[in-house]
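Laboratory data are not the source of any read-out in this text; all were calculated from the coordinates shown. Bear in mind that the values here come from a model prediction, so they are computed numbers and not experimental data. Virtual Cβ from ideal backbone geometry, glycine too; neighbours counted across all protein chains shown.
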Amino acid sequence: MRLAVTGATGFVGGALCRAAVARGWQVTAFGRRATADPDHIGGAAYVGWDVGRGPFPDPPEVDAVAHCAAQATDAGSSRQVWAANMTGTRHVLASFPRARLVHLSTASVYDPFRPTVRGVESDAPVRRYLNPYAASKAAAERVVRNAVAAGREAVVLRPHAIYGPNDTTLLPRLLANVRAGRLLAVGDGRPLISVTHVDNLVDACLLAITGPVRSGVFNVADDGVLTVDEALRGLLRGAGVRVRLAYVPTWLARPLAVLSESVRRVRDDPRPVRLNRYLISQLAMERTLDISAARRELRYHPRGTSFEGVSAGSDRAQDSTGSDETQNEGKR
């Protein structure tokens with residue numbers, strides 16, 4: 001198997017490279033950086049490529065391409081996010097016209113204004129989103145769907161809240177919000193949530209790369225669900241971080257988030273805001289996924305949630321995921 005992986009220096013892209021190389025596949029890793037840590041990508045051949053700038057001029061012949069590159073951040077400009085996520089997907093499709101595409105999307109394409117309760121794939125995309133990341137990822141899915149309609153083999157995977165060892169997405173975002181030994185979260189911690197261990201997501205990617213389906217959209221998550229409180233405490237405990245977890249009522253957090261976002265727009269401040277409406281939508285409402293389609297069609301058999309060995313990566317400025325993955329909101 002000859003595989004290309006975009007976003008290879010990121011959390012998910014690197015894990016996928018290592019798994020594919022371990023299978024004996026011929027892997028070409030792509031990322032925005034000029035160089036990559038060979039251990040991170042499993043010794044795969046590395047090529048610098050910013051997918052948002054244009055198609056790759058002389059692509060290698062591959063059987064499949066796993067598109068893990070994305071800009072998932074509440075910092076930076078909307079133009080940059082759209083260029084990386086939607087336009088970048090067009091460039092990947094154009095660069096590898098004969099290869100099967102595995103497109104790493106996100107559960108953020110579900111409706112942020114109402115709970116996702118065992119969400120099925122046909123529930124998304126929707127018409128309205130709270131940030132450019134979700135909107136651009138939904139648009140990227142439509143690009144892939146159009147390619148499938150034109151005869152392209154392409155599989156879309158939708159993970160949620162990707163975590164695991166060397167996490168550059170979800171855990172770093174939590175730790176960045178710790179103040180004076182306390183982490184503030186929104187809501188009451190009781191809504192249910194699906195999370196996705198990076199190993200489960202890599203397994204789903206490998207299944208999508210090799211078959212048995214030519215195309216389709218599939219939710220990807222761990223076996224089982226848990227509460228937001230269980231997820232937050234599990235992540236912190238697994239990482240060996242001892243902090244107090246406290247909750248801010250949604251009725252209080254929402255107007256503060258609107259104010260914070262408005263000030264950021266007026267000041268044209270590129271820095272991420274600690275509290276926004278997207279974060280509220282993820283923590284204060286149920287976000288669970290129905291993964292029966294992946295079980296049935298991809299033959300996906302996920303392991304249950306385990307926070308053992310969870311750790312934050314040393315470098316948060318990654319190319320990927322997932323999310324997340326930079327994925328500094330853990331959005332995937």
Packing-based ranking, highest mean first, of 297-305, 153-161, 218-226, 273-281 given that Cβ atoms within 10 Å are counted: 153-161, 218-226, 273-281, 297-305
Dipole magnitude of segment 2-298 about its Cα centre, charges +1 at Lys/Arg Cβ and -1 at Asp/Glu Cβ only, in debye to the nearest 20? 780
Counting only residues 5 or more places away or on other chains, whose amide H sits under 5 Å from the amide H of VAL117 once H atoms are built in the peptide plane? THR288
Could the peptides 246-257, 114-125 be put in order, highest first, of the mean number of other beta-carbon atoms found within 10 Å of their residues? 114-125, 246-257
Listed residues MET1, SER311, GLY52: farthest to the positive end of the dipole of the chain (Cβ charges): GLY52
Which ³J(HN,Hα) values, rounded to whole Hz and listed in residue order, are derived for segment 4-13 from phi using the Karplus coefficients 6.51, -1.76 and 1.60 in 6.51 cos²θ - 1.76 cosθ + 1.60 with θ = phi - 60°, glycine and proline given as x? 9, 10, 8, x, 5, 7, x, 4, 6, x
For segment 234-273, rounded, prolate or oblate, judged on the Cα gyration tensor with a ≥ b ≥ c (square roots of eigenvalues), a/c < 1.5 rounded, else prolate if a/b > b/c? oblate
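Over all distinct Cα pairs, what is the inverse of the mean 1/r for segment 67-212, reported as the Kirkwood hydrodynamic radius in Å? Kindly include the intermediate steps, with their values, before the conclusion.
Values: mean 1/r = 0.0598 Å⁻¹.
This gives a value of 16.7 Å.
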Taking amide H positions as placed 1.01 Å from N in the peptide plane, with prolines and chain starts having none, which residues 5 or more places from ALA45, or on another chain, fall under 5 Å of its amide H? VAL27, ALA29
Got a sec? Charge dipole of segment 2-298, +1 on Cβ for Lys and Arg, -1 for Asp and Glu; which of HIS197, VAL21, ALA64 is way out at the positive end? HIS197
Tell me, what ³J(HN,Hα) does each residue in segment 155-164 have, in order and in whole Hz, if you take phi through Karplus 6.51 cos²θ - 1.76 cosθ + 1.60 with θ = phi - 60° and put x for Gly and Pro? 10, 9, 10, 10, x, 9, 6, 6, 8, x
Only bridges with both residues in the chain count here: give the DSSP antiparallel percent, nearest 5. 10
Could you estimate the translational diffusion coefficient of segment 2-298 from the Stokes-Einstein equation, with Rh from the Kirkwood formula over C-alpha pairs, at 20 °C and 1.002 mPa s, in whole µm²/s? 109
Charge dipole (debye, nearest 20) of segment 137-274; +1 at Cβ of Lys and Arg, -1 at Cβ of Asp and Glu: 620
Along segment 116-126, what does the Karplus equation 6.51 cos²θ - 1.76 cosθ + 1.60 (θ = phi - 60°) give for ³J(HN,Hα), rounded to whole Hz, x for Gly and Pro? 9, 10, 6, x, 9, 4, 6, 6, 9, x, 10
Which residues qualify? For VAL217, with a placed amide H closer than 5 Å and at least 5 residues away or on another chain, they are VAL156
